[in-house]
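Structure first, commentary second.
The values are calculated or read from the model by the stated rules, or taken from the named source; none is laboratory data. Remember, it's a predicted structure, so these values are computed and weren't measured experimentally. Glycine also receives a Cβ, built like all others from the backbone with ideal geometry; neighbour counts cover every protein chain displayed. All accessible areas refer to the heavy atoms of the entire protein, side chains included, with ligands and DNA or RNA removed. Shrake-Rupley method; radii C 1.70, N 1.55, O 1.52, S 1.80 Å.
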Amino acid sequence: MSVDIGNRLRHVRLMHNLSQRELAKRAGVTNSTISLIESNASNPSVGALKRILDGIPIGLAEFFSFEPERPRKAFYAAEELVEIGKGPISYRQIGDNLFGRSLQILKECYQPGADTGKVLLVHEGEEGGIVLSGRLEVTVDDERRILGPGDAYYFESRRPHRFRCVGPVPCEVISACTPPTF
């Protein structure tokens, strides 16, 4: 029997309203460690997993016995999208429970100057998006482009990447990634 530790950890973390960064801080590990585990790019030892779960807090037995129901809902009203971002970047996710799902779809909104950070993001999977409004600077490896309404991106997420809103108005994007990374 195979247990999807990454999606299980993501689901439990989100149930407790914790960001990857907050859980990492509580557990005394890097947030990239949490990201790698949640994307199933890293398989933690039992000791490492216990230390991470202590940051939630939840025991190993409860973690492995927990079986959330698979979402069956197919349609979502705008007000039902779940906010998983904070600060100047809003990530509104379709569905609150991605446990067992392979795809994450987001409506993103970057306030002017909002940036995913100077350290480029790297994780397993693929992601793509279409800019609806505003201007978004997207960096992938050594390439940098400024995308406007109707422009799009699609790349393997293990390539270092970064997003930044440029210009005086917020930038809205519809994106998808697999596997879910938040």
Report task. List the extent of the Cα atoms of the chain along each of their three principal axes, largest first, rounded to whole Å. Result -> 49, 36, 28
Query - Isolated Cys in the chain, by beta carbon distance under 4.7 Å - result: Cys109, Cys177
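When the chain is fully extended, how far beyond the present Cα-Cα distance does Ser19 get from Leu132, taking 0.36 nm per residue of separation?
Working: separation 113, 0.36 × 113 = 40.68 nm, distance 2.63 nm.
Taking Ser19 through Leu132 to full extension adds about 38.1 nm, to one decimal.
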Query - Assigned charges on the beta-carbon of Lys, Arg, Asp, Glu; the stretch 1-100 dipole about Cα centre (debye) - result: 260 debye
Query raised in the report: Gaussian network model of the chain, Cα springs within a sub-10 Å range: biggest mean-square fluctuation belongs to which of Phe63, Phe75, Phe163?
Result: Phe75
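With every protein chain kept in place and ligands, DNA and RNA left out, what is the accessible area per residue of the chain? Probe 1.4 Å, answer in Å².
Numbers: 10050 Å² over 182 residues.
It amounts to 55 Å² per residue over the chain.
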Report task. Rounded to whole Hz and in sequence order, give me ³J(HN,Hα) for the stretch 74-87 from the Karplus expression 6.51 cos²θ - 1.76 cosθ + 1.60, θ = phi - 60°, writing x for Gly and Pro. Result -> 10, 10, 9, 6, 3, 6, 8, 5, 9, 6, 10, x, 7, x
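Would you work out what percent of the accessible area of the stretch 8-154, with all protein chains in place, is carbon or sulfur (probe 1.4 Å)? Provide the component values of the computation, followed by the final result.
Working: 4480 of 8440 Å².
The C+S portion of the solvent-accessible surface of the stretch 8-154 is 53 percent.
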**Report entry** Check: the chain dipole with +1 on Lys, Arg Cβ and -1 on Asp, Glu Cβ, in debye
**Finding:** 360 debye
Query - Gaussian network model of the chain, Cα within-10 Å springs - most flexible of Arg72, Arg164, Arg51 - result: Arg72
**Report entry** Count of lysine pairs in the chain with Cα separation under 23 Å (8 or more residues apart, or interchain)
**Finding:** 7
Report summary line: Expected field for Ser90, accessible surface area in Å² at 1.4 Å probe radius, rounded to 10, holds 30 Å²
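Of His16, His123, which has the most accessible area and how do the rest follow, probe 1.4 Å? Spell out each step's value before the answer.
Values: His16 75, His123 20 Å².
From most exposed to least exposed: His16, His123.
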Report task. Give the residue from Gly28, Ile58, Gly6 lying farthest towards the positive end of the charge dipole for the stretch 1-127; charges sit on Cβ (+1 for Lys and Arg, -1 for Asp and Glu) and the dipole is referred to the Cα centre. Result -> Gly28
Report summary line: With label points set 7 Å from each Cα along the Cα-to-Cβ direction at Tyr76 and Arg158, the distance between them in nm comes to 2.8 nm
Requested in this report: Using R₀ = 35 Å, calculate the FRET efficiency as 1/(1 + (r/R₀)^6) where r is the Cβ-Cβ separation of Val46 and Asp115; round to 0.05.
Outcome: 0.40
